[in-house]
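Visitor: So that we are looking at the same thing, I have put the structure below in C-alpha coordinates.
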Amino acid sequence: MASPSEARSRAPIRPPARPHAGGAVLRDLPRILGITPCLRLIGWLGRCAGEWIAVGVASLVSPSRGRRLRHDASRRRWARLVVVLGSLKGVFAKAGQFAAIRHDVLPPEATDALASLRDRVPPLPFARIRACVEAELGAPLERLFESFDARPLGAASVAQVHRARLHGGEWVAVKVQYPWLARSLPADLTLSRALLALLAGPDRSGKRRRVFDEFASGVREELDFEREARVAGEIAENLAGDEQIVVPRVVPSHSTSRVLTMQLVPGVPIDDAAGLARLGVEPARVLEVLGRAYARQVFVDGLFHADPHPGNLFVIDEAGAGERPRVLFVDFGLSRRLDPELRRELRHGIYAAMQRDVDAFIAAMQRLGTIAPGFEPGVRAAVEAMFARMRGGGGPLGFAGSDVLSLKDEAKALLQDTPGLVLPNDLLLYAKTMSYLFALGDALAPEVDLLAISLPHLLRFLAERD
(Lines give C-alpha, C1' and ligand atoms only; values in the text may rest on other atoms or scores of the structure.)
Protein backbone atom coordinates (compact mmCIF):
# COMPACT_ATOMS: atom_id res chain seq x y z
CA MET A 1 0.00 0.00 0.00
CA ALA A 2 1.35 3.41 -0.89
CA SER A 3 2.03 5.92 1.88
CA PRO A 4 0.24 9.30 1.86
CA SER A 5 3.41 10.97 0.62
CA GLU A 6 3.33 8.79 -2.50
CA ALA A 7 -0.06 10.30 -3.34
CA ARG A 8 1.74 13.54 -4.14
CA SER A 9 2.86 12.29 -7.52
CA ARG A 10 2.02 14.81 -10.25
CA ALA A 11 3.42 13.11 -13.31
CA PRO A 12 1.66 14.36 -16.45
CA ILE A 13 -1.40 12.45 -17.56
CA ARG A 14 -1.24 11.01 -21.04
CA PRO A 15 -3.51 12.58 -23.68
CA PRO A 16 -6.16 10.50 -25.45
CA ALA A 17 -4.52 8.35 -28.10
CA ARG A 18 -7.39 8.47 -30.56
CA PRO A 19 -11.04 9.59 -30.72
CA HIS A 20 -13.91 7.31 -29.87
CA ALA A 21 -15.09 4.99 -32.60
CA GLY A 22 -17.54 6.40 -35.09
CA GLY A 23 -20.15 3.77 -34.25
CA ALA A 24 -20.26 4.94 -30.65
CA VAL A 25 -20.72 8.54 -31.79
CA LEU A 26 -23.63 7.56 -34.04
CA ARG A 27 -25.24 5.57 -31.23
CA ASP A 28 -24.98 8.60 -28.94
CA LEU A 29 -26.03 11.15 -31.57
CA PRO A 30 -29.59 11.66 -30.21
CA ARG A 31 -28.09 12.39 -26.82
CA ILE A 32 -25.27 14.56 -28.17
CA LEU A 33 -27.77 16.71 -30.11
CA GLY A 34 -30.08 17.00 -27.10
CA ILE A 35 -32.91 15.01 -28.71
CA THR A 36 -33.17 12.36 -25.99
CA PRO A 37 -33.30 14.73 -23.01
CA CYS A 38 -35.62 17.08 -24.89
CA LEU A 39 -38.13 14.29 -25.52
CA ARG A 40 -38.01 13.12 -21.90
CA LEU A 41 -38.51 16.65 -20.57
CA ILE A 42 -41.39 17.22 -23.01
CA GLY A 43 -42.94 13.98 -21.75
CA TRP A 44 -42.61 15.24 -18.18
CA LEU A 45 -44.20 18.57 -19.13
CA GLY A 46 -47.03 16.78 -20.92
CA ARG A 47 -47.89 14.71 -17.86
CA CYS A 48 -47.77 17.83 -15.69
CA ALA A 49 -50.05 19.75 -18.07
CA GLY A 50 -52.58 16.94 -18.23
CA GLU A 51 -52.68 16.66 -14.47
CA TRP A 52 -53.10 20.40 -13.97
CA ILE A 53 -56.00 20.48 -16.41
CA ALA A 54 -57.68 17.71 -14.40
CA VAL A 55 -57.05 19.65 -11.19
CA GLY A 56 -58.55 22.79 -12.72
CA VAL A 57 -61.72 20.94 -13.69
CA ALA A 58 -61.99 19.38 -10.22
CA SER A 59 -61.56 22.82 -8.62
CA LEU A 60 -64.59 24.13 -10.47
CA VAL A 61 -66.70 21.38 -8.90
CA SER A 62 -65.18 21.48 -5.41
CA PRO A 63 -62.64 24.20 -4.48
CA SER A 64 -61.55 22.38 -1.29
CA ARG A 65 -60.95 19.13 -3.17
CA GLY A 66 -59.17 21.12 -5.88
CA ARG A 67 -56.73 22.53 -3.31
CA ARG A 68 -55.89 19.03 -2.09
CA LEU A 69 -55.44 17.77 -5.62
CA ARG A 70 -53.26 20.76 -6.51
CA HIS A 71 -50.95 20.02 -3.58
CA ASP A 72 -50.68 16.34 -4.55
CA ALA A 73 -50.08 17.24 -8.21
CA SER A 74 -47.26 19.61 -7.26
CA ARG A 75 -45.60 16.93 -5.17
CA ARG A 76 -45.83 14.39 -8.01
CA ARG A 77 -44.53 16.93 -10.52
CA TRP A 78 -41.27 17.40 -8.62
CA ALA A 79 -40.92 13.71 -7.84
CA ARG A 80 -41.21 12.84 -11.54
CA LEU A 81 -38.66 15.51 -12.42
CA VAL A 82 -36.20 13.93 -9.99
CA VAL A 83 -36.63 10.60 -11.80
CA VAL A 84 -36.14 12.20 -15.24
CA LEU A 85 -33.03 14.13 -14.22
CA GLY A 86 -31.49 11.07 -12.59
CA SER A 87 -32.13 8.88 -15.62
CA LEU A 88 -30.50 11.44 -17.93
CA LYS A 89 -27.33 11.46 -15.79
CA GLY A 90 -24.58 13.98 -16.50
CA VAL A 91 -25.46 17.66 -16.60
CA PHE A 92 -29.12 17.04 -15.76
CA ALA A 93 -28.44 15.06 -12.58
CA LYS A 94 -25.85 17.66 -11.58
CA ALA A 95 -28.33 20.46 -12.32
CA GLY A 96 -30.85 18.87 -9.98
CA GLN A 97 -28.29 18.53 -7.20
CA PHE A 98 -27.13 22.09 -7.78
CA ALA A 99 -30.69 23.44 -7.76
CA ALA A 100 -31.40 21.68 -4.45
CA ILE A 101 -29.14 24.16 -2.62
CA ARG A 102 -30.37 27.24 -4.49
CA HIS A 103 -33.05 28.24 -2.00
CA ASP A 104 -32.69 31.79 -3.30
CA VAL A 105 -33.84 30.83 -6.81
CA LEU A 106 -36.40 27.99 -6.54
CA PRO A 107 -39.43 27.51 -4.28
CA PRO A 108 -39.15 25.24 -1.19
CA GLU A 109 -41.20 22.40 -2.72
CA ALA A 110 -38.71 22.24 -5.60
CA THR A 111 -35.53 22.31 -3.52
CA ASP A 112 -36.93 19.78 -1.04
CA ALA A 113 -37.76 17.32 -3.82
CA LEU A 114 -34.49 17.83 -5.69
CA ALA A 115 -32.55 17.19 -2.48
CA SER A 116 -33.61 13.54 -2.82
CA LEU A 117 -31.71 13.24 -6.13
CA ARG A 118 -28.90 10.83 -5.39
CA ASP A 119 -25.61 10.69 -7.28
CA ARG A 120 -26.09 6.98 -7.98
CA VAL A 121 -27.52 5.76 -11.28
CA PRO A 122 -27.84 2.50 -13.26
CA PRO A 123 -24.48 1.60 -14.87
CA LEU A 124 -23.72 1.49 -18.57
CA PRO A 125 -23.23 -1.93 -20.23
CA PHE A 126 -19.64 -3.10 -19.91
CA ALA A 127 -19.11 -3.18 -23.69
CA ARG A 128 -19.51 0.60 -23.79
CA ILE A 129 -17.08 1.07 -20.90
CA ARG A 130 -14.53 -1.19 -22.58
CA ALA A 131 -14.78 0.79 -25.82
CA CYS A 132 -14.36 4.07 -23.96
CA VAL A 133 -11.27 2.93 -22.03
CA GLU A 134 -9.65 1.45 -25.13
CA ALA A 135 -10.31 4.58 -27.17
CA GLU A 136 -8.95 6.88 -24.46
CA LEU A 137 -5.85 4.83 -23.62
CA GLY A 138 -5.17 3.63 -27.17
CA ALA A 139 -4.82 -0.12 -26.60
CA PRO A 140 -6.93 -3.25 -26.05
CA LEU A 141 -8.09 -3.69 -22.46
CA GLU A 142 -6.06 -6.88 -22.05
CA ARG A 143 -2.83 -5.03 -22.88
CA LEU A 144 -3.65 -2.22 -20.47
CA PHE A 145 -4.72 -4.32 -17.48
CA GLU A 146 -4.06 -7.82 -16.17
CA SER A 147 -7.74 -7.97 -15.17
CA PHE A 148 -10.71 -5.60 -15.32
CA ASP A 149 -13.98 -6.34 -13.50
CA ALA A 150 -17.04 -6.00 -15.70
CA ARG A 151 -19.26 -5.22 -12.72
CA PRO A 152 -18.71 -1.61 -11.55
CA LEU A 153 -17.93 -0.68 -7.98
CA GLY A 154 -20.38 2.17 -8.43
CA ALA A 155 -22.10 4.33 -11.05
CA ALA A 156 -22.73 8.05 -10.57
CA SER A 157 -24.02 10.91 -12.68
CA VAL A 158 -20.89 11.51 -14.80
CA ALA A 159 -18.91 8.27 -14.55
CA GLN A 160 -18.73 4.74 -13.22
CA VAL A 161 -15.84 3.09 -11.42
CA HIS A 162 -14.41 -0.38 -12.06
CA ARG A 163 -11.93 -2.47 -10.12
CA ALA A 164 -8.91 -3.53 -12.18
CA ARG A 165 -5.39 -4.89 -11.79
CA LEU A 166 -2.31 -3.54 -13.52
CA HIS A 167 0.19 -5.90 -15.10
CA GLY A 168 2.58 -5.19 -12.24
CA GLY A 169 0.02 -6.60 -9.81
CA GLU A 170 -1.31 -3.37 -8.28
CA TRP A 171 -5.06 -3.11 -7.77
CA VAL A 172 -6.59 0.13 -9.04
CA ALA A 173 -9.95 1.88 -9.38
CA VAL A 174 -10.71 3.08 -12.92
CA LYS A 175 -13.18 5.97 -13.23
CA VAL A 176 -14.66 6.09 -16.73
CA GLN A 177 -16.66 9.10 -17.93
CA TYR A 178 -19.83 8.37 -19.89
CA PRO A 179 -18.80 8.63 -23.55
CA TRP A 180 -21.36 11.19 -24.72
CA LEU A 181 -20.93 13.79 -21.96
CA ALA A 182 -18.16 15.94 -23.44
CA ARG A 183 -19.94 16.17 -26.81
CA SER A 184 -23.42 16.67 -25.36
CA LEU A 185 -22.35 19.42 -22.96
CA PRO A 186 -23.44 22.41 -25.13
CA ALA A 187 -26.90 20.96 -25.78
CA ASP A 188 -27.30 19.77 -22.19
CA LEU A 189 -26.44 23.18 -20.79
CA THR A 190 -28.84 24.91 -23.19
CA LEU A 191 -31.69 22.62 -22.15
CA SER A 192 -30.81 22.95 -18.46
CA ARG A 193 -30.86 26.74 -18.75
CA ALA A 194 -34.30 26.59 -20.39
CA LEU A 195 -35.56 24.24 -17.67
CA LEU A 196 -34.34 26.59 -14.94
CA ALA A 197 -36.09 29.51 -16.66
CA LEU A 198 -39.31 27.50 -16.76
CA LEU A 199 -39.11 26.53 -13.09
CA ALA A 200 -37.82 29.81 -11.64
CA GLY A 201 -39.83 32.34 -13.67
CA PRO A 202 -38.66 35.76 -14.95
CA ASP A 203 -35.05 36.80 -14.33
CA ARG A 204 -35.55 40.53 -13.79
CA SER A 205 -32.50 41.01 -11.55
CA GLY A 206 -30.12 38.82 -13.56
CA LYS A 207 -29.79 36.51 -10.54
CA ARG A 208 -30.65 33.34 -12.45
CA ARG A 209 -28.16 34.07 -15.21
CA ARG A 210 -25.36 34.56 -12.70
CA VAL A 211 -26.32 31.39 -10.83
CA PHE A 212 -26.46 29.29 -13.99
CA ASP A 213 -23.12 30.58 -15.26
CA GLU A 214 -21.52 29.44 -12.00
CA PHE A 215 -23.16 26.03 -12.39
CA ALA A 216 -21.97 25.64 -15.99
CA SER A 217 -18.41 26.52 -15.00
CA GLY A 218 -18.51 23.93 -12.20
CA VAL A 219 -19.79 21.20 -14.52
CA ARG A 220 -17.03 21.82 -17.03
CA GLU A 221 -14.48 21.46 -14.24
CA GLU A 222 -16.07 18.23 -12.99
CA LEU A 223 -15.90 16.66 -16.45
CA ASP A 224 -12.15 17.33 -16.63
CA PHE A 225 -10.47 14.35 -14.99
CA GLU A 226 -7.05 15.94 -15.47
CA ARG A 227 -8.18 18.70 -13.15
CA GLU A 228 -9.51 16.13 -10.69
CA ALA A 229 -6.11 14.38 -10.67
CA ARG A 230 -4.34 17.69 -9.98
CA VAL A 231 -6.75 18.54 -7.17
CA ALA A 232 -6.30 15.10 -5.59
CA GLY A 233 -2.53 15.55 -5.71
CA GLU A 234 -2.67 19.01 -4.19
CA ILE A 235 -5.02 17.98 -1.37
CA ALA A 236 -2.77 14.98 -0.70
CA GLU A 237 0.20 17.33 -0.39
CA ASN A 238 -1.70 19.67 1.91
CA LEU A 239 -2.75 16.81 4.22
CA ALA A 240 0.48 14.83 4.05
CA GLY A 241 1.46 15.93 7.56
CA ASP A 242 -1.40 13.90 9.05
CA GLU A 243 -0.65 10.19 8.70
CA GLN A 244 -4.28 9.28 9.46
CA ILE A 245 -5.52 10.88 6.21
CA VAL A 246 -4.99 9.10 2.89
CA VAL A 247 -5.61 10.20 -0.70
CA PRO A 248 -5.16 7.48 -3.37
CA ARG A 249 -2.26 7.86 -5.79
CA VAL A 250 -3.08 8.66 -9.42
CA VAL A 251 -1.68 6.34 -12.11
CA PRO A 252 -0.80 8.84 -14.89
CA SER A 253 0.02 6.16 -17.50
CA HIS A 254 -3.60 4.94 -17.37
CA SER A 255 -5.36 8.31 -17.06
CA THR A 256 -6.67 10.94 -19.48
CA SER A 257 -9.19 13.76 -19.30
CA ARG A 258 -11.99 11.14 -19.38
CA VAL A 259 -10.44 8.10 -17.71
CA LEU A 260 -8.91 8.38 -14.23
CA THR A 261 -7.01 5.46 -12.70
CA MET A 262 -6.10 5.60 -9.03
CA GLN A 263 -4.66 3.27 -6.42
CA LEU A 264 -7.37 1.04 -4.91
CA VAL A 265 -7.19 0.97 -1.12
CA PRO A 266 -9.42 -1.51 0.75
CA GLY A 267 -11.77 0.29 3.09
CA VAL A 268 -15.01 0.23 5.04
CA PRO A 269 -17.60 2.97 4.39
CA ILE A 270 -17.50 5.50 7.17
CA ASP A 271 -21.15 4.85 8.09
CA ASP A 272 -20.84 1.02 8.09
CA ALA A 273 -21.34 0.34 11.79
CA ALA A 274 -20.84 -3.42 11.42
CA GLY A 275 -17.69 -2.95 9.35
CA LEU A 276 -16.20 -0.48 11.83
CA ALA A 277 -17.03 -2.84 14.70
CA ARG A 278 -15.23 -5.67 12.89
CA LEU A 279 -12.13 -3.47 12.70
CA GLY A 280 -12.53 -2.41 16.32
CA VAL A 281 -12.88 1.22 15.27
CA GLU A 282 -14.89 3.67 17.35
CA PRO A 283 -16.82 6.19 15.20
CA ALA A 284 -15.76 9.00 17.52
CA ARG A 285 -12.08 8.44 16.64
CA VAL A 286 -12.93 8.49 12.92
CA LEU A 287 -14.79 11.79 13.30
CA GLU A 288 -11.79 13.33 15.03
CA VAL A 289 -9.67 12.55 11.97
CA LEU A 290 -12.38 13.78 9.61
CA GLY A 291 -12.83 17.00 11.57
CA ARG A 292 -9.10 17.75 11.43
CA ALA A 293 -9.00 17.02 7.71
CA TYR A 294 -11.85 19.35 6.80
CA ALA A 295 -10.76 22.11 9.16
CA ARG A 296 -7.35 22.09 7.49
CA GLN A 297 -8.83 22.08 3.98
CA VAL A 298 -11.42 24.80 4.55
CA PHE A 299 -9.73 27.20 6.95
CA VAL A 300 -6.05 26.82 6.07
CA ASP A 301 -5.66 25.59 2.50
CA GLY A 302 -8.83 27.05 0.95
CA LEU A 303 -9.10 23.96 -1.28
CA PHE A 304 -11.54 21.32 -0.09
CA HIS A 305 -13.19 18.04 -1.03
CA ALA A 306 -16.80 19.16 -1.37
CA ASP A 307 -18.68 15.86 -1.36
CA PRO A 308 -18.34 14.31 2.12
CA HIS A 309 -20.99 11.61 1.83
CA PRO A 310 -20.32 8.03 3.05
CA GLY A 311 -19.70 6.77 -0.50
CA ASN A 312 -16.59 8.97 -0.69
CA LEU A 313 -15.19 8.43 2.82
CA PHE A 314 -13.77 5.16 4.12
CA VAL A 315 -11.82 3.76 7.04
CA ILE A 316 -8.90 1.75 5.68
CA ASP A 317 -9.23 -1.97 6.34
CA GLU A 318 -5.87 -2.84 7.86
CA ALA A 319 -4.25 -4.23 10.99
CA GLY A 320 -4.15 -1.70 13.80
CA ALA A 321 -7.16 0.25 12.54
CA GLY A 322 -8.79 0.00 15.95
CA GLU A 323 -5.93 1.84 17.65
CA ARG A 324 -5.18 4.35 14.90
CA PRO A 325 -7.82 4.46 12.14
CA ARG A 326 -6.86 6.03 8.82
CA VAL A 327 -9.52 7.81 6.75
CA LEU A 328 -9.52 7.48 2.96
CA PHE A 329 -10.89 10.25 0.72
CA VAL A 330 -12.01 9.36 -2.82
CA ASP A 331 -13.69 11.20 -5.73
CA PHE A 332 -12.35 14.74 -6.01
CA GLY A 333 -14.52 15.76 -8.96
CA LEU A 334 -16.60 18.01 -6.72
CA SER A 335 -14.02 20.20 -5.01
CA ARG A 336 -13.64 23.93 -4.62
CA ARG A 337 -10.95 26.51 -4.09
CA LEU A 338 -12.21 29.61 -2.29
CA ASP A 339 -10.75 32.70 -3.93
CA PRO A 340 -9.00 35.26 -1.68
CA GLU A 341 -11.89 37.75 -1.77
CA LEU A 342 -14.42 35.11 -0.76
CA ARG A 343 -12.15 33.84 2.04
CA ARG A 344 -11.74 37.40 3.33
CA GLU A 345 -15.47 38.13 3.38
CA LEU A 346 -16.21 34.71 4.87
CA ARG A 347 -13.86 35.59 7.73
CA HIS A 348 -15.58 38.96 8.22
CA GLY A 349 -18.97 37.24 8.09
CA ILE A 350 -18.01 34.71 10.78
CA TYR A 351 -16.76 37.54 13.01
CA ALA A 352 -20.01 39.44 12.49
CA ALA A 353 -22.12 36.37 13.26
CA MET A 354 -20.14 35.70 16.43
CA GLN A 355 -20.75 39.28 17.59
CA ARG A 356 -24.30 39.50 16.18
CA ASP A 357 -23.11 42.62 14.31
CA VAL A 358 -25.73 43.25 11.62
CA ASP A 359 -23.89 46.23 10.06
CA ALA A 360 -20.65 44.27 9.60
CA PHE A 361 -22.54 41.26 8.24
CA ILE A 362 -24.44 43.36 5.70
CA ALA A 363 -21.24 45.18 4.68
CA ALA A 364 -19.53 41.84 3.92
CA MET A 365 -22.53 40.77 1.82
CA GLN A 366 -22.48 44.03 -0.10
CA ARG A 367 -18.77 43.72 -0.87
CA LEU A 368 -19.50 40.31 -2.38
CA GLY A 369 -22.31 41.77 -4.47
CA THR A 370 -24.91 39.43 -3.00
CA ILE A 371 -27.60 42.07 -2.43
CA ALA A 372 -29.45 43.36 -5.48
CA PRO A 373 -29.86 47.15 -5.77
CA GLY A 374 -32.82 48.43 -3.77
CA PHE A 375 -33.18 45.30 -1.62
CA GLU A 376 -30.78 46.21 1.22
CA PRO A 377 -33.52 47.24 3.76
CA GLY A 378 -35.34 43.92 3.39
CA VAL A 379 -32.14 41.90 3.64
CA ARG A 380 -31.08 43.87 6.72
CA ALA A 381 -34.41 43.18 8.44
CA ALA A 382 -34.13 39.47 7.65
CA VAL A 383 -30.56 39.28 9.03
CA GLU A 384 -31.60 41.14 12.20
CA ALA A 385 -34.42 38.63 12.73
CA MET A 386 -32.06 35.69 12.11
CA PHE A 387 -29.50 36.99 14.61
CA ALA A 388 -32.25 37.51 17.17
CA ARG A 389 -33.26 33.84 16.84
CA MET A 390 -29.73 32.48 17.01
CA ARG A 391 -28.82 30.95 20.35
CA GLY A 392 -25.72 32.41 21.95
CA GLY A 393 -23.32 31.62 24.74
CA GLY A 394 -22.28 28.13 23.64
CA GLY A 395 -18.59 27.50 23.23
CA PRO A 396 -15.72 29.96 22.73
CA LEU A 397 -17.17 31.34 19.48
CA GLY A 398 -20.62 32.15 20.80
CA PHE A 399 -22.15 28.90 19.55
CA ALA A 400 -21.27 25.23 19.80
CA GLY A 401 -20.97 22.46 17.25
CA SER A 402 -24.48 21.27 18.10
CA ASP A 403 -25.81 24.65 16.90
CA VAL A 404 -24.43 24.31 13.36
CA LEU A 405 -27.35 22.30 12.00
CA SER A 406 -29.83 24.85 13.34
CA LEU A 407 -27.75 27.58 11.68
CA LYS A 408 -28.18 25.70 8.40
CA ASP A 409 -31.95 25.92 8.77
CA GLU A 410 -31.71 29.63 9.56
CA ALA A 411 -29.61 30.25 6.44
CA LYS A 412 -32.00 28.20 4.31
CA ALA A 413 -34.96 30.25 5.55
CA LEU A 414 -33.04 33.48 4.91
CA LEU A 415 -32.41 32.50 1.28
CA GLN A 416 -35.97 31.31 0.67
CA ASP A 417 -37.76 34.26 2.23
CA THR A 418 -35.55 37.22 1.33
CA PRO A 419 -35.98 38.82 -2.14
CA GLY A 420 -32.90 40.35 -3.74
CA LEU A 421 -30.42 38.02 -2.06
CA VAL A 422 -28.15 35.76 -4.12
CA LEU A 423 -25.00 34.05 -2.84
CA PRO A 424 -21.96 32.80 -4.81
CA ASN A 425 -22.24 29.11 -5.55
CA ASP A 426 -18.82 28.42 -4.04
CA LEU A 427 -20.02 29.86 -0.74
CA LEU A 428 -23.18 27.74 -0.84
CA LEU A 429 -21.13 24.66 -1.68
CA TYR A 430 -18.87 25.43 1.27
CA ALA A 431 -21.92 25.74 3.53
CA LYS A 432 -23.39 22.52 2.11
CA THR A 433 -20.12 20.68 2.71
CA MET A 434 -19.94 21.80 6.34
CA SER A 435 -23.62 20.97 6.82
CA TYR A 436 -23.12 17.44 5.43
CA LEU A 437 -20.08 16.99 7.65
CA PHE A 438 -21.89 18.02 10.83
CA ALA A 439 -24.94 15.92 9.90
CA LEU A 440 -22.65 12.92 9.38
CA GLY A 441 -21.04 13.56 12.75
CA ASP A 442 -24.42 13.86 14.42
CA ALA A 443 -25.46 10.49 12.95
CA LEU A 444 -22.24 8.59 13.74
CA ALA A 445 -21.14 9.99 17.10
CA PRO A 446 -23.25 12.90 18.40
CA GLU A 447 -21.05 13.20 21.49
CA VAL A 448 -18.16 14.46 19.33
CA ASP A 449 -18.04 18.27 18.94
CA LEU A 450 -16.64 18.79 15.45
CA LEU A 451 -16.50 22.53 15.99
CA ALA A 452 -14.20 22.05 18.97
CA ILE A 453 -11.96 19.79 16.85
CA SER A 454 -11.88 22.47 14.14
CA LEU A 455 -11.16 25.29 16.57
CA PRO A 456 -7.34 25.52 16.18
CA HIS A 457 -7.59 25.85 12.39
CA LEU A 458 -10.61 28.16 12.64
CA LEU A 459 -8.83 30.50 15.06
CA ARG A 460 -5.84 30.55 12.73
CA PHE A 461 -8.19 31.48 9.87
CA LEU A 462 -9.83 34.25 11.89
CA ALA A 463 -6.42 35.63 12.83
CA GLU A 464 -5.38 36.14 9.19
CA ARG A 465 -4.85 39.71 8.06
CA ASP A 466 -6.45 41.14 4.92
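The values are calculated or read from the model by the stated rules, or taken from the named source; none is laboratory data. Computed from a predicted structure; not experimentally measured. Note that each Cβ is placed from the backbone with ideal geometry, even for glycine, and that neighbours are counted across all protein chains shown.
Visitor: For segment 98-118, how many residues are touching a Leu at 6+ places or on another chain (Cβ under 6 Å) and part of a helix (DSSP H, G or I)?
Guide: Result for segment 98-118: 1.
Visitor: Please work out if Val298 is assigned to a helix (DSSP H, G or I), at pLDDT below 90 and within 23 Å of the chain's Cα centre (by Cα). Explain how you work it out, then say what you get.
Guide: Working: assigned to a helix (DSSP H, G or I): yes; at pLDDT below 90: yes; within 23 Å of the chain's Cα centre (by Cα): yes.
It is true that Val298 is assigned to a helix (DSSP H, G or I), at pLDDT below 90 and within 23 Å of the chain's Cα centre (by Cα).
Visitor: Would you mind finding the one in Asp242, Asp301, Asp307 that is touching a residue at least 12 places away in the same chain (Cβ under 8 Å) and surrounded by fewer than 16 Cβ atoms within 10 Å (Cβ to Cβ)?
Guide: Working: Asp301 fails: surrounded by fewer than 16 Cβ atoms within 10 Å (Cβ to Cβ); Asp307 fails: surrounded by fewer than 16 Cβ atoms within 10 Å (Cβ to Cβ).
The unique qualifying residue is Asp242.
Visitor: List the number of the failed condition for Val121; all other conditions in (1) out of contact with any Leu (no Cβ under 7 Å at 6 or more places or on another chain); (2) of a type in the set (A, V, I, L, M); (3) in a helix (DSSP H, G or I) hold.
Guide: (3)
Visitor: Of the residues in segment 211-261, how many are in contact with a helix residue (DSSP H, G or I) (Cβ under 8 Å, 6 or more places away or on another chain), under 26 Å from Val289 (Cβ atoms) and among the hydrophobic types (A, V, I, L, M, F, W, C)?
Guide: 11
Visitor: Ok, one more. Kindly provide the set of residues from segment 253-270 that are buried (at least 21 other Cβ atoms within 10 Å of the Cβ), closer than 18 Å to Arg128 by Cα and of a type outside the set (D, E, K, R), ordered by number.
Guide: Listed by number, the residues that qualify are His254, Ser255, Thr256, Val259, Leu260, Thr261.
Visitor: Same structure again: Across segment 319-335, which residue is surrounded by the fewest Cβ atoms within 10 Å (Cβ to Cβ) among those that are of a type outside the set (A, V, I, L, M, F, W, C) and out of contact with any His (no Cβ under 6 Å at 6 or more places or on another chain)?
Guide: Of all residues in segment 319-335, those of a type outside the set (A, V, I, L, M, F, W, C) come to 320, 322-326, 331, 333, 335.
Of the ones still in play, those that are also out of contact with any His (no Cβ under 6 Å at 6 or more places or on another chain) are 320, 322-326, 331, 333.
Details: Gly320: 11, Gly322: 14, Glu323: 9, Arg324: 12, Pro325: 23, Arg326: 23, Asp331: 24, Gly333: 27.
Result: Glu323.
Visitor: State all residues of segment 404-423 that are of a type in the set (Gly, Ala, Ser), part of a helix (DSSP H, G or I) and at pLDDT 65 or above; if no residue qualifies, say none. Full working, then the answer.
Guide: Of the residues in segment 404-423, the ones of a type in the set (Gly, Ala, Ser) are 406, 411, 413, 420.
Add one more test, that the residue is part of a helix (DSSP H, G or I), and what stays is 406, 411, 413.
The answer is Ala411, Ala413.
Visitor: Still on this model: Within the set of pairs 6+ apart or on separate chains, which have a first residue in segment 414-428 that is at negative phi, a second that is among the charged types (D, E, K, R), and C-beta atoms under 6 Å apart?
Guide: Pairs found: Leu415/Asp104; Leu421/Asp104; Val422/Asp104; Val422/Lys207; Asn425/Glu214; Asp426/Arg336.
Visitor: Taking the conditions exactly as written (buried (at least 17 other Cβ atoms within 10 Å of the Cβ), outside the structural domain of Thr370 (by TED's automatic domain parsing) and among the polar types (S, T, N, Q)), does Ser157 satisfy them or not?
Guide: Working: buried (at least 17 other Cβ atoms within 10 Å of the Cβ): yes; outside the structural domain of Thr370 (by TED's automatic domain parsing): yes; among the polar types (S, T, N, Q): yes.
Judged against the criteria, Ser157 is a match.
Visitor: Can you name the residue in segment 201-215 that is at pLDDT below 75 and in a helix (DSSP H, G or I) and is also surrounded by the most Cβ atoms within 10 Å (Cβ to Cβ) among such residues? Lay out the reasoning, then the answer.
Guide: Let us first name the residues in segment 201-215 that are at pLDDT below 75, namely 201-208.
The next check asks that each one be in a helix (DSSP H, G or I); those that pass are 207-208.
On the way: Lys207: 19, Arg208: 22.
Selected residue: Arg208.
Visitor: Does Asp272 count as among the acidic types (Asp, Glu) and closer than 30 Å to Glu136 by Cβ?
Guide: Details: among the acidic types (Asp, Glu): yes; closer than 30 Å to Glu136 by Cβ: no.
Taking the combined requirement at face value, the residue does not satisfy it.
Visitor: Consider Asp359 carefully, then state whether it is surrounded by 17 or more Cβ atoms within 10 Å (Cβ to Cβ) and modelled with pLDDT of 85 or more. Please lay out each step first, then the result.
Guide: Details: surrounded by 17 or more Cβ atoms within 10 Å (Cβ to Cβ): no; modelled with pLDDT of 85 or more: yes.
So Asp359 fails the test.
Visitor: Just give me the residues in segment 140-170 being under 27 Å from the mean Cα position of the chain (by Cα), of a type outside the set (S, T, N, Q) and not in a loop (DSSP other than H, G, I, E, B), in sequence order.
Guide: Hits for segment 140-170 are Gly154, Ala155, Ala159, Val161, His162, Arg163, Ala164.
Visitor: Can you tell me which residues in segment 371-384 are at pLDDT below 85 and either in contact with a helix residue (DSSP H, G or I) (Cβ under 9 Å, 6 or more places away or on another chain) or not assigned by TED's automatic domain parsing to the domain that holds Asp339 (or both)?
Guide: Result: Ala372, single match.
Visitor: Looking at segment 286-294, can you tell me whether even one residue there is in contact (Cβ under 8 Å) with a residue 40 or more places away in the chain and part of a loop (DSSP other than H, G, I, E, B)? Walk me through how you get there before you give the answer.
Guide: Of all residues in segment 286-294, those in contact (Cβ under 8 Å) with a residue 40 or more places away in the chain come to 286-294.
Add one more test, that the residue is part of a loop (DSSP other than H, G, I, E, B), and what stays is none.
For segment 286-294, residues in contact (Cβ under 8 Å) with a residue 40 or more places away in the chain and part of a loop (DSSP other than H, G, I, E, B): absent.
Visitor: Could you pull out the residue among Glu282, Glu228, Glu288, Glu234 that is outside the structural domain of Val330 (by TED's automatic domain parsing) and surrounded by fewer than 22 Cβ atoms within 10 Å (Cβ to Cβ)?
Guide: Working: Glu282 fails: outside the structural domain of Val330 (by TED's automatic domain parsing); Glu228 fails: surrounded by fewer than 22 Cβ atoms within 10 Å (Cβ to Cβ); Glu288 fails: outside the structural domain of Val330 (by TED's automatic domain parsing).
Result of the check over Glu282, Glu228, Glu288, Glu234: Glu234.
Visitor: Yes or no: segment 349-360 includes at least one residue that is at negative phi and either polar (S, T, N, Q) or in contact with a strand residue (DSSP E or B) (Cβ under 9 Å, 6 or more places away or on another chain) (or both).
Guide: Within segment 349-360, one or more residues are at negative phi and either polar (S, T, N, Q) or in contact with a strand residue (DSSP E or B) (Cβ under 9 Å, 6 or more places away or on another chain) (or both).
Visitor: Still on this structure, please answer the following. For segment 18-97, please list each of the helices (runs of 4 or more DSSP H) lying entirely inside it that holds at least 3 residues being under 32 Å from the mean Cα position of the chain (by Cα) and loosely packed, with under 14 Cβ neighbours inside 10 Å.
Guide: Working: elements: 22-32, 35-61, 63-88.
Once the helices (runs of 4 or more DSSP H) in segment 18-97 are filtered for at least 3 residues that are under 32 Å from the mean Cα position of the chain (by Cα) and loosely packed, with under 14 Cβ neighbours inside 10 Å, what remains is 35-61, 63-88.
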